[in-house]
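Right, one structure below, let's go through it.
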Amino acid sequence: MSPPPASAAATALVSTASGPRDGSPSSGIQRPRGGVRIGVLLLGANAFVLMVPLFAILALRLYDNYLLRQTERQLIAQSVAMAEIYRELWLNESLPHSVPGSTAMTSPDFRPPGKSDAAFIPIEPVSSLRHGVLPPQPDALPIAEPRDTPETRAGQRMNAMLRRMQVYALSAVRILDGQGCVVATTRGEDGLCLTSLPEVQSALSGRYAAVVRERISDEPLPPISEVRSRGSTRVFTALPVFSDGKVIAVVRASRTNLDARTSLWHNRRGLLFGIVVTALSAVLVSFLFAALIARPLRAITKSAQQIAEGQSVPPLPVLPWLPIPTEIRTLGAALEVMTQRLRQRADYIAELAQNVSHELKTPLTGIRGAAELLRDQWQSMSDEQRHRFASNIDHDAERMQRLVSRLLHLAQIENAPDPTERVAVSEFFTALTARYPGVTLSLDAPPAQVVISSDHLRSAVSNLLDNALRHGAGKPILLRVRSQDGRLRIDVSDQGSGISPANQGRLFQRFFTTARDDGGTGLGLAIVRAVAERQGGRVDFTTSPGGTTFTLVV
C-alpha cells in the first residue's frame, strides 16, 4: 500500500533542499544534457576567423590550377585541329601524283598504336602548378639545314594560316617534323630543332605532354581589362601526329595562362556577389554566437532581478533548436532549482509557523490563564488549588518544551549534510532492541553496513517502535531487518486494532496525533518520513484490524 502524502511544502523541501548534493537525481540539480561549452564556441569562432584567409589562399591556388587546365584545354583543341590539317597536307605532299578517288588517296590510320579500334580518344590536361614551373625555353637551340621534303612543303603551306589564327586565338603554334625541327610556325623560327625539350621528347615517343614554363616578356603588362593575359607562366603542349602508327609530326602550342587577378576582374560581378555572401555569413555567425551566449545570459539576469524583487519567476525558456552552451544551461538549471527551493522554503516556513502557532496556542493559553488566576486569587486559594494550577503550568510548559525539541530535531534532519558514517547493521539493531523488552528482532540477511547517521537511524526506528508499543494493545512487536535492492529495509509490525481510514491520510502530517493527552506531539512519523526522504528512500505502511506494519527503506 502506498504511503499517504505528507504536506506539499515538507515533501518538496525534503526532496530538494535536503537531498544529496553530488549532482545525483535526488539533489534537484542535474547537469543538462546537450549543448556545447563556451570554450568550444570560442574555439570555433577563432578557428573560423583563422581559416578564412587560409581558405582564401587555398581557393586562389585551386583557381590558378583551374585556369591553367582551362588554358591547356584550349591548346589541346587548337592542336588537334592543326594536327589534322597538317596531316592532310603532308599526305598530299607525300603522294603528289594521286588523283581524287584513287586508292592512293585513302587516308592512313591516324590513331596512336593500339587505339585503332577506339571510337574516341579524349586527351585530358596534365599540367599542374604542383609539378613546379620550368625555366623559360633555352635561347641556344640548334637550327637544321633547309631541306625540300614533304614535311617542309606541308609546313610552308600552313605558315600563313597559323599567323592568321594567332590574331584571334592568341596562341603560338609550331609544327615539328619527325626529327623535332620546326617546319611551320606563327613566328620566324623555321628549322629550329626543339628535340632537347622534355615535352617534345615525349611527343616524339608517341605520348602527349604538357609543361608550365616561366614567362619573361619585355612588353609592358596590358591593362587588366584587356583579353590579353598578364600571367607570369606559360603553358606548352606537345601533341604527336600519327600516320599508320608512326609519329610524323608534333604540334607544339603555347599560351600565357590567364592569371587569377585578370580572371577575377572579368568575373567581378560574381566575385562581388561572393564577397557580399561571405560578409553576410560573417554577420550571421556573429549573431548566432550572440544568440548562443548573450540571449540566455540576459534571460538569466532578468530572472535573477525578478527573484531579488520577490516576483514570481517562470521557468527559463528552453529552445531545443538552439545549442545553448553547457555552462549557461547549468547556470539556468541551478537558478531554477534555487528559485524552487526558495519558494518551497518560504512555503515551508509559512506552514511551519502556522502549525507551531496552532500547537503552542493551547499550552500558552493554559499557562497564561493559570498564571492570571494565581496572581488574582492567590490569597483566597487553598494549597491544593495552588498546587493544581502550578501543575497545569508545568504540564503545559513541558509540552511546549517537547514540541520545540522535536521541531529542532526535525529541522536538523532535514538540513543535515551528506552522511559519511557507516553503521554496522546487526550490532546497531541488537543494541537498540535491548532497550525494548517487548520487541522481537529478526535479522534476515541484512546488509553488513549502511551509510547513514546513526542518530537519525536511531530516531526513526525508535519512533516506529514507540508508536507500535503505544498502539499494539500490549502484544509483542516484531522488528524485521533485511536487504532490499542494496538498501536497508526495516519492518515494524504490531498486533493492534489497525488505523482507521479517516486517520490513514494524515499519519505523516506534522502535529497530527491521536495521543495528545498522553504527551504525543504528532512529530514522530514526520521525523521518520524526513529520515527516509533524506536518504533517498521511503516509508509506508499496511494496516488491517489485525495489526499494522510500517516499512522503512533507507
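Values quoted throughout were computed directly from the atomic coordinates according to the rules given, and no laboratory measurement underlies them. Only a predicted model underlies this, so the values are computations on that prediction, with no experimental measurement involved. Using ideal geometry, Cβ is built from the backbone for each residue, glycine included, and neighbour counts are taken over all protein chains shown.
Quick one: length gained pulling residue 416 to residue 345 fully straight, 0.36 nm per residue minus the C-alpha distance?
So the extension gain works out to 24.0 nm.
Applying a 10 Å radius around every beta-carbon, put 425-432, 184-191, 480-487 in order of their mean neighbour count, most first.
Numbers: 425-432: 16.0, 184-191: 17.6, 480-487: 13.6.
The packing order, highest mean first, is 184-191, 425-432, 480-487.
7 Å from Cα along Cα→Cβ at both residue 80 and residue 134: what's the point-to-point distance in nm?
2.3 nm
Give me the distance between the Cα centres of the range 52-92 and the range 410-477, rounded to whole Å.
The distance from the Cα centre of the range 52-92 to that of the range 410-477 comes to 93 Å.
Work out the length of the dipole vector of the range 418-553 about its Cα centre, built from +1 on the beta-carbon of each Lys and Arg and -1 on the beta-carbon of each Asp and Glu, and round it to the nearest 20 debye.
140 debye
Place the peptides 395-402, 285-292 in order of packing, highest mean first, counting for every residue the other Cβ atoms within 10 Å and averaging per peptide.
Numbers: 395-402: 15.4, 285-292: 13.6.
Sorting 395-402, 285-292 by mean packing, highest first, produces 395-402, 285-292.
Rounded, prolate or oblate: which fits the range 406-519 when a ≥ b ≥ c are the square roots of the eigenvalues of the alpha-carbon gyration tensor, with rounded for a/c under 1.5 and prolate only if a/b beats b/c? All intermediate terms of the calculation are to be shown ahead of the outcome.
Working: a/c = 1.88, a/b = 1.24, b/c = 1.52.
It is oblate, given that a/c is not under 1.5 and a/b is not larger than b/c.
Antiparallel versus total DSSP beta bridges in the range 375-531: what percent is that, nearest 5? Display every interim value, and only then the final one.
Values: 10 of 16 bridges.
Rounded to the nearest five, the antiparallel share is 60 percent.
Set the Förster radius R0 to 60 Å, insert the Cβ-Cβ distance between residue 302 and residue 444 as r into 1/(1 + (r/R0)^6), and round the FRET efficiency to 0.05.
The calculated FRET efficiency here is 0.60.
Please work out the FRET efficiency for the pair residue 462 and residue 385, using the Cβ-Cβ distance as r and a Förster radius of 60 Å; give the result to the nearest 0.05. List each step's numbers first, then the result.
Values: r = 39 Å, r/R0 = 0.64.
After rounding to 0.05, the efficiency reads 0.95.
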